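First comes the structure, then the notes that go with it.
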Amino acid sequence: MPLATDDFLDIDDVTPAELDALLDRAAAMKAGETDPRLADATLGMIFEKPSTRTRVSFETGMTRLGGHAMFLGPDDIQLGHGEPLKDTARVLGRYVDGVMARLFDHEDVEVLAEYADCPVINGLTDEAHPCQTLADLLTIRETVSEDATVAWVGDGNNVGQSFVVGAAMAGIDVEVATPADYGMNPSVFDRAAEFGLDVEPTTDPEAAVEGADVVYTDVWISMGQEDVRDEKLAAFDGFQVNSDLLAGTDAKVMHCLPAHRGEEVTDDVLESDRALVWDQAENRMHAQNALLVELLGEE
């Protein structure tokens, strides 16, 4: 089922039915199903930010699909060296079958999508991380339940924002606990409401995790925020996912990685049987493979 959208810039670029089909396809591909549609295809991968999971999962995934992935870092192309982004997009669109971009500004991935004559996938921007959400939903589906309740605890960042909307689309309940000055964009909750999820964010982590099947957190200091490190560490006091916060619950723990152990989550929690983080990391590749086939592949 080819997707109705030409690009994948955030999770609700697809419909709930398409999201469900993507997760079905991801599970099938994880189980060994193959698809020939990307044989000899090329994916151009633009990176402004360092990456482990995004680069390796997309590059390995394209190889497994019979195609090729090309790494394009800040020093490899003219991006940031004088050429307008729209010109880079126009040229890449004539060379490759798709573009995956890991950028700072969300507006930049929108420019790529506007001017590139090929599908564009958001591999992460400061506002959204939809590929991570695909992996998260696949992980919840296969390890917990499609009727799960998830507590997001910590920074209201790009990962959390895409996850809340994606969870709403998948019928998963979400509680959100963030410090008062570090919440999610209110538009995220409006988008979630369009899919039937009414989120009332709180500043109380203990209230959020009560009754949760999964507790999800992410780093408090993202790339580019090092100058406000001390300020953020003070603001997030009490939001650490640790044994005390999880006491009295059977909740599993999710984290998109990399983790700052001892800050947003403790080492003992990540090394416990509660942690689903390694399943999440693996599922990046399977979920993205499904996306690549359905977005780039032709029937």
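Residues to consider are D7, D24, D12; find the one that is among the acidic types (D, E) and more than 15 Å from I121 (Cα to Cα). Show your work before the answer.
Numbers: D7 fails: more than 15 Å from I121 (Cα to Cα); D12 fails: more than 15 Å from I121 (Cα to Cα).
Every option except D24 fails the conditions.
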> Can you pull out the residues in segment 209-227 that are of a type in the set (S, T, N, Q) and within 16 Å of the chain's Cα centre (by Cα)?
Replying inline: T217, S222
>> Please go through segment 1-26 and give me each residue that is assigned to a helix (DSSP H, G or I) and among the small types (G, A, S), ordered by number.
In response: A17, A21, A26
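Identify, from the list D267, D279, the residue that is touching a Leu at 6+ places or on another chain (Cβ under 9 Å), modelled with pLDDT of 95 or more and under 30 Å from G61 (Cα atoms). First the steps, then the outcome.
Details: D267 fails: touching a Leu at 6+ places or on another chain (Cβ under 9 Å).
Within the list D267, D279, the selection yields D279.
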> Can you tell me how many residues in segment 145-156 are more than 28 Å from M45 (Cβ to Cβ), modelled with pLDDT of 95 or more and surrounded by fewer than 24 Cβ atoms within 10 Å (Cβ to Cβ)?
Replying inline: 2
> Here are some conditions: (1) assigned to a helix (DSSP H, G or I); (2) assigned by TED's automatic domain parsing to the domain that holds Y216; (3) touching a residue at least 40 places away in the same chain (Cβ under 8 Å). A167 meets all but one. Which one does it not meet?
Replying inline: (3)
> Of all residues in segment 1-11 being among the acidic types (D, E) and buried (at least 21 other Cβ atoms within 10 Å of the Cβ), which is farthest from T133 (Cα to Cα)?
Replying inline: D7
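Quick check on D40: is it more than 16 Å from T133 (Cβ to Cβ), outside the structural domain of E114 (by TED's automatic domain parsing) and in contact (Cβ under 8 Å) with a residue 12 or more places away in the chain?
For D40, the condition - more than 16 Å from T133 (Cβ to Cβ), outside the structural domain of E114 (by TED's automatic domain parsing) and in contact (Cβ under 8 Å) with a residue 12 or more places away in the chain - is not met.
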>> Going through D237, D230 one at a time, which residue ends up being out of contact with any Leu (no Cβ under 6 Å at 6 or more places or on another chain) and modelled with pLDDT of 95 or more?
In response: D237
> Only one of (1) among the acidic types (D, E); (2) farther than 22 Å from C118 by Cβ; (3) within 17 Å of the chain's Cα centre (by Cα) is not met by E33, so which one is it?
Replying inline: (3)
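Conditions tested, residue by residue: (1) more than 19 Å from the chain's Cα centre (by Cα); (2) crowded, with 17+ Cβ neighbours inside 10 Å; (3) charged (D, E, K, R).
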{"residue": "T143", "(1), (2), (3)": "no, no, no"}
{"residue": "N158", "(1), (2), (3)": "no, yes, no"}
{"residue": "G171", "(1), (2), (3)": "no, no, no"}
{"residue": "M184", "(1), (2), (3)": "no, yes, no"}
{"residue": "S187", "(1), (2), (3)": "no, no, no"}
{"residue": "A193", "(1), (2), (3)": "yes, no, no"}
{"residue": "D198", "(1), (2), (3)": "yes, no, yes"}
{"residue": "P201", "(1), (2), (3)": "yes, yes, no"}
{"residue": "A207", "(1), (2), (3)": "yes, no, no"}
> Can you spot a residue in segment 110-122 that is surrounded by fewer than 24 Cβ atoms within 10 Å (Cβ to Cβ), in contact with a His (Cβ under 9 Å, 6 or more places away or on another chain) and within 23 Å of T52 (Cβ to Cβ)?
Replying inline: no
>> If I filter segment 14-47 down to residues being surrounded by fewer than 20 Cβ atoms within 10 Å (Cβ to Cβ) and of a type in the set (D, E, K, R), which single residue comes out as farthest from A287 (Cα to Cα)?
In response: D40
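The values are calculated or read from the model by the stated rules, or taken from the named source; none is laboratory data. From a predicted model like this one, the values you see are computed outputs, not experimental measurements. All Cβ positions, even for glycine, are placed from backbone atoms using ideal geometry, and neighbour counts span all protein chains on display.
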